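Here the structure comes first, spelled out in structure tokens, and everything after it is commentary.
Laboratory data are not the source of any read-out in this text; all were calculated from the coordinates shown. The structure presented is a predicted model; accordingly, all values stated were derived computationally and were not measured. Ideal geometry is used to build each Cβ from the backbone, glycine not excepted, and the neighbour counts take in all protein chains shown.
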């Protein structure tokens, strides 16, 4: 490596090339290529078994691909569908897991304030509502100041109103922090509300990459929203009337 290259800041881009992951004879990821530029918000959709969660777990370092290359930012964090809070630790302690002890509480409090949960920082996890628990999980990711935020269907278990609030919260945090985000979701409307691009997986490869060039904040009533929604539903093999 040259001296000039050594002085360059680490890349915040994500690049996947030729990724292969098999489970038995089935290739869940089959030569997948994907780019997530720094600061981009990508929604990952596809039918069950298309490789969405396997790809996210690979990017999170929780699964190992058999072939291919992955270039990632050094700082990454994951928000899972289940908050996975430790019930014997208070909320702030869950958020601060893995941080150096010095100033851990202060950093946790700042992250909890960003997700509007600072008033519950000393609560026990079992006293939280579903939405509050997921906010705590989001704070645990934010406190690590990630360049890449990986979201594995984080709103799937929430009621409709809480889900809308959490979507708005994530959109605001993404815009404020300037991080990249990769969201696994089955919800076409969620993808259109949050992402710059929607990527649809088919048999372990990209079937469609759709640019979502809608102004923010987004509205379902926008005619362009409806057109993009129809295009995504068609790619997923769902008739618009089935999703209505």
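Once the piece of chain linking residue 35 and residue 75 is laid out straight, how much longer is it, given 0.36 nm per residue of separation minus the C-alpha distance between them? Write out the running numbers ahead of the final one.
Working: separation 40, 0.36 × 40 = 14.40 nm, distance 1.68 nm.
Net length gain for the segment: 12.7 nm.
Distance in nm between label sites at residue 122 and residue 165, each 7 Å beyond Cα in the beta-carbon direction?
With each label point 7 Å from Cα toward Cβ, the separation is 2.3 nm.
Could you work out the relative contact order of the chain? I mean the mean sequence separation of Cα pairs under 8 Å and 6+ apart, divided by the number of residues, in percent.
Across the chain, relative contact order equals 25 percent.
Ranked from highest to lowest mean number of other Cβ atoms within 10 Å per residue, what is the order of the peptides 214-227, 36-49, 13-26? Working shown, then result.
Details: 214-227: 11.5, 36-49: 19.3, 13-26: 14.9.
Top to bottom by mean Cβ count within 10 Å: 36-49, 13-26, 214-227.
With both partners inside the chain, how many of the DSSP beta bridges are antiparallel, as a percent to the nearest 5?
Numbers: 18 of 36 bridges.
If I count the DSSP bridges inside the chain, around 50 percent turn out antiparallel.
What's the extension gain from residue 113 to residue 64 if we count 0.36 nm per residue and subtract their Cα-Cα distance? Walk me through the numbers on the way to the answer.
Working: separation 49, 0.36 × 49 = 17.64 nm, distance 3.49 nm.
Gain on extension, residue 113 to residue 64, equals 14.2 nm.
Just to confirm my numbers, what's the Cα centroid distance between region 149-206 and region 43-78 in Å?
Taking the Cα centre of region 43-78 as reference, the centre of region 149-206 is 15 Å away.
Calculate, in whole percent, how much of the Cα-Cα pair population of region 95-142 lies beyond 15 Å. Write down the numbers at each step before the final one.
On the way: 393 of 1128 pairs.
It works out to 35 percent of all Cα pairs.
Find the Rg to Rh ratio for region 24-83, where Rh is the Kirkwood radius over alpha-carbon pairs and Rg uses the same atoms. Kindly include the intermediate steps, with their values, before the conclusion.
Numbers: Rg = 12.3 Å, Rh = 13.1 Å.
My calculation of the ratio gives 0.93.
With runs of 4+ DSSP H residues as the only contributors, calculate the mean residue ellipticity of the chain at 222 nm using -39,500 (n - 2.57) per run, divided by the residue total and rounded to the nearest 500. The partial results should precede the final answer.
On the way: 9 runs with 84 residues, N = 244.
Helix contribution divided over all residues of the chain: -10000 deg cm²/dmol.
Using the count of nearby Cβ atoms within 10 Å as a rough guide to exposure, how do 32, 126 rank from fewest to most?
Going from least to most buried by this count: 126, 32.
Please report, in Å, the Rg and the Dmax of the chain, where both are computed over Cα atoms only.
When restricted to the Cα atoms of the chain, Rg and Dmax are 18.6, 59 Å.
What's the exposure ranking of 92, 124, going from fewest to most Cβ atoms within 10 Å? Please list the in-between numbers first.
Numbers: 92 24, 124 14.
Result, fewest neighbours first: 124, 92.
If I take R0 = 25 Å and measure r between the Cβ atoms of residue 216 and residue 47 in this structure, what FRET efficiency does the formula 1/(1 + (r/R0)^6) give, to the nearest 0.05? Write out the running numbers ahead of the final one.
Details: r = 28 Å, r/R0 = 1.13.
My answer for the efficiency is 0.30.
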